[in-house]
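**Student:** Quick one: the structure is below, questions incoming.
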Amino acid sequence: MANLEENISERIDWGEKAVVGEKHKGTERNADWTGTLLNNAHIGLPSPAPDVVKCSLISGECLYFHYGCDGQDDRGWGCGYRTLQTMASWLCQSWAPPKGKCRPPPSLPEIQHALVAMGDKLAMFAGSREWIGTFEAALVLDYYYDVPCKVVHVRGGGVELERAAEELHQHFQSQGSPVMMGGDRDNSSKGILGVCTRPGGQGSYLLVMDPHYYGPRLEVTSVQGLGWVSWKKVGSLDHSSFYNLCLPQTSRK
């Protein structure tokens with residue numbers, strides 16, 4: 001397990017951001033539809049095992065963003081964007097800015113235009129159906145919220161994945177924010193809201209918020225019952241895939 005970027009904080013001056021943003025269409029902030037999204041979809045989920053000795057969760061609240069939740073059909077390519085939006089919703093609801101003072105989670109067009117404005121993507125990326133990963137998520141969170149991120153690379157294999165569980169414990173205890181996870185063979189982006197560990201090397205579980213649901217708004221019982229928010233054993237992850245973790249460094253503010 002190794003840090004790809006200990007601290008992604010290459011920032012564009014906020015005045016430059018505003019000017020660049022005005023040059024692009026489709027960068028309007030999200031409308032009030034975010035108020036229809038499910039909040040704290042993980043609350044009430046039972047412990048993954050009766051003998052858990054250590055459990056660390058996000059502190060605060062976040063919204064459940066998923067395919068099509070804003071009316072845009074992004075099935076097959078938008079999971080990274082949705083996980084990024086969930087992390088941004090935590091910043092808006094649970095972080096330092098006073099409630100109501102934080103900008104809403106960026107829309108899919110806003111995310112794409114921000115990456116173009118920063119020079120990370122070519123102009124043709126805006127309006128495309130290209131996916132994004134943890135590195136792009138880190139750039140966008142820094143761009144819109146001035147929050148640096150730590151990107152951790154986890155090599156494939158059960159031992160490395162279990163070591164990553166300890167990194168997540170430390171993150172939730174010190175930072176409190178949701179984490180984005182994605183890989184190569186397992187390239188489905190997922191939000192991580194917590195981690196629990198059993199004694200004696202019996203393994204850990206990740207609290208996964210899966211953005212791949214497409215359909216009408218679900219209640220908490222349905223989201224949990226259908227497995228869209230659930231505990232996943234670390235050992236069930238693809239051991240032949242590497243994984244990257246995007247960890248917002250919110251305690252530095």
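The values are calculated or read from the model by the stated rules, or taken from the named source; none is laboratory data. These numbers were taken from a predicted model, which means no experiment stands behind them. Don't worry about glycine lacking a Cβ; one is built from the backbone with ideal geometry, like all the others, and counts go over all protein chains shown. What goes into the accessible areas is simple: the full protein's heavy atoms, side chains included, and nothing from ligands, DNA or RNA. Shrake-Rupley method; radii C 1.70, N 1.55, O 1.52, S 1.80 Å.
**Student:** Cβ neighbours within 10 Å, averaged per peptide: list 149-156, 176-183 in order, most packed at the top. Write out the running numbers ahead of the final one.
**Tutor:** Details: 149-156: 20.4, 176-183: 25.1.
Result, highest mean Cβ count within 10 Å first: 176-183, 149-156.
**Student:** Sort W231, W77 from largest to smallest accessible area, using a 1.4 Å probe on the heavy atoms of the protein chains.
**Tutor:** Values: W231 50, W77 20 Å².
Output order, biggest surface exposure first: W231, W77.
**Student:** If eta is 1.306 mPa s and T is 10 °C, what Stokes-Einstein diffusion coefficient results for segment 78-222, Kirkwood Rh from Cα pairs, in µm²/s?
**Tutor:** Values: Rh = 16.5 Å.
For these conditions, the coefficient is 96 µm²/s.
**Student:** Further question on the same structure: Which percent of the accessible heavy-atom area of segment 97-253 goes to carbon and sulfur, probe 1.4 angstrom? Please list the in-between numbers first.
**Tutor:** Numbers: 3340 of 6370 Å².
It is 52 percent, rounded to a whole number.
**Student:** To one decimal place, what orientation-averaged projected area in nm² is obtained for the convex hull of the Cα set of segment 199-241? Could the numbers behind the result be given before it?
**Tutor:** Values: hull surface 16.7 nm².
So the mean shadow area of the Cα hull is 4.2 nm².
**Student:** Could you calculate the contour length gain from V52 to F125, that is, 0.36 nm times the residue separation minus the distance between their Cα atoms, to one decimal place in nm?
**Tutor:** Values: separation 73, 0.36 × 73 = 26.28 nm, distance 4.44 nm.
Answer, rounded to one decimal: 21.8 nm.
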